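Let me begin by presenting the structure, written as structure tokens, before commenting on it.
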2 protein chains.
Amino acid sequence: MTLTRVAVAQLPLRVGEPKANRAAAAEAVAEAAAAGARLVVLPELVNSGYVFTGAEEAGDLAEPADGPTVTEWGRLAKDHDLVIVGGFCEMADGVLRNSQVMVDSTGTRAVYRKVHLWHDEQDVFAPGDAAAPVVDTALGRIAMMVCYDLEFPEWVRAVGLAGADLLAVSTNWPVSPVPAGERSVLLAHAQVAAVANRMFVAVADRCAAERGVSWVCGTSVFGPDGYPLAGPVLRDGPAVLVADCDLVAARDKATGPRNDVHRDRRTDLYGMSRTR
Amino acid sequence: MTLTRVAVAQLPLRVGEPKANRAAAAEAVAEAAAAGARLVVLPELVNSGYVFTGAEEAGDLAEPADGPTVTEWGRLAKDHDLVIVGGFCEMADGVLRNSQVMVDSTGTRAVYRKVHLWHDEQDVFAPGDAAAPVVDTALGRIAMMVCYDLEFPEWVRAVGLAGADLLAVSTNWPVSPVPAGERSVLLAHAQVAAVANRMFVAVADRCAAERGVSWVCGTSVFGPDGYPLAGPVLRDGPAVLVADCDLVAARDKATGPRNDVHRDRRTDLYGMSRTR
């Protein structure tokens, strides 16, 4: 059994302060590396922050995929010999994207553009039009996804069936009311993504209220059984959590001697779905 | 706004004691009716119990869909003017089925046969080969599903897209280890079924250990926001819980002024799913 130490970083980002944001990310990566992590997941829109006044402000903060943020992450990945997955505000061919990048010691492995856009993101970003990547890294097969994407079981299932050992979710989860004694249902999405596909799910959320928006601060790692291996933090402050994950074990989709979450799918019947 | 009182019954079933099991169900229905419920959800395999020695024992306990159990439920539904959804061990054309029936004051509305079979059920039952029903009742559109079915997002999405206001889950959830401070991840499946489709989910689980198998006792009702309106019980004893549900509200799939859990699906991309 090979255990891979996975880190998830909860960062206090601030809109319009790209240098401070990059520094917070670099510090978190260094902390994770010092703790022995081989994979570090960072939140959504690390370079820019989230609560834009509009597309113009976002455009001023956006960078290409070979801009200062991703370049720095590539250097950090090489220096520390680890994989980084994180979100950034991207300008690509004149189009703004809510993007996520994976870099390792060899350079950029994948750029993904969030396809399900939440609320006012629709005024700012063009949605992606490509599948969520599943990248065969030295550590295992790592899938990528951003925030609201996780709420679509079809999207999660696609990376599960494509062989993801771990799903890295970069997010900025805005707070909404949670009944006493419950925790945010957004965490249930992460749990079910994990258990329904017997894969690890690593969520990097953010902290520090921004222009009146507070965050779930739900940074966490879930195992293939759907239970937390680290977090959720649920505390408004920076955090780097680590969990040791047997990524190859996620290739076994058995949930008992006679059941398997992928083989038990009744694909012969799913086509029967009635749609209105 | 019309509130419909929904009841979920957690029953102490015993394998091989159909009369006692029917009596327990009838008592729960009467209690729910007295509390003003218009819909009562009962567990899986109410007539027979669950932990069979094999197909022969299950066959001895099975009934046709017009047998004593469903006939009694039909009478109760008429007497109390309510809808009953419950599971029963069915013999249909010489084939054993893990079935679920919906009856109302007009008679039997639907019979569903569980399509995803768990563990040793595979030695006993033939899996169903038809879609989970969504029945247009006097109360609203009620979908049906049994236990392990709920763990397949495709199956849940199908009834959501078919217009279900409420999903009635009849289950016997066997206990498995749960980390301290967590609750069974099976409840997360129910939460995500609800919130990913903005529908109510009513789960009737069972209680009372049977031949060494204990149960989650997760009887509960979740609202379209994914949070519990009643339960989960999580206590090993009989219970009838009620929750007042605005079923028509579940037809609004909006999660904010600019988002909708069904319309936001990227059906243009889901076909791109890579399968191994």
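Computed from the coordinates by the stated procedures, all read-outs in this text should not be read as laboratory data. Here the structure is a predicted model, which means the values were calculated and not measured. All Cβ positions, glycine included, derive from the backbone under ideal geometry; neighbour counts span all protein chains shown.
So here's what we get for this one:
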{"read-out": "Residue within segment B:199-212 that is in a loop (DSSP other than H, G, I, E, B), without any contact (Cβ under 8 Å) to a residue 60 or more places away in the chain, farther than 27 Å from A:GLY223 by Cα and not hydroxyl-bearing (Ser, Thr, Tyr) present", "value": "yes"}
{"read-out": "All strands (runs of 3 or more DSSP E) inside segment A:56-138 with 3 or more residues being surrounded by 15 or more Cβ atoms within 10 Å (Cβ to Cβ) and in contact with a His (Cβ under 8 Å, 6 or more places away or on another chain)", "value": "none"}
{"read-out": "Subset tally (residues that are within 12 Å of chain B (Cβ to nearest Cβ), in contact (Cβ under 8 Å) with a residue 40 or more places away in the chain and assigned to a loop (DSSP other than H, G, I, E, B)) for segment A:139-163", "value": "1"}
{"read-out": "Those residues of segment A:1-53 which are of a type in the set (S, T, N, Q) and either touching a helix residue (DSSP H, G or I) at 6+ places or on another chain (Cβ under 6 Å) or buried (at least 24 other Cβ atoms within 10 Å of the Cβ) (or both), in sequence order", "value": "A:THR4, A:GLN10, A:ASN21, A:ASN47, A:SER48"}
{"read-out": "Flag for A:ARG141 being among the charged types (D, E, K, R) and closer than 22 Å to A:ALA25 by Cβ", "value": "no"}
{"read-out": "Single residue of segment A:193-217 satisfying the filter (away from every other protein chain (no Cβ under 14 Å) and not hydrophobic (A, V, I, L, M, F, W, C)) that is nearest to A:ASN259 (Cα to Cα)", "value": "A:ASP205"}
{"read-out": "Residue check, A:GLY226 on the phi > 0 side of the Ramachandran plot and within 11 Å of chain B (Cβ to nearest Cβ)", "value": "yes"}
{"read-out": "Check on B:ALA168, small (Gly, Ala, Ser), in contact with a strand residue (DSSP E or B) (Cβ under 9 Å, 6 or more places away or on another chain) and either more than 10 Å from every other protein chain (Cβ to nearest Cβ) or assigned to a helix (DSSP H, G or I) (or both)", "value": "yes"}
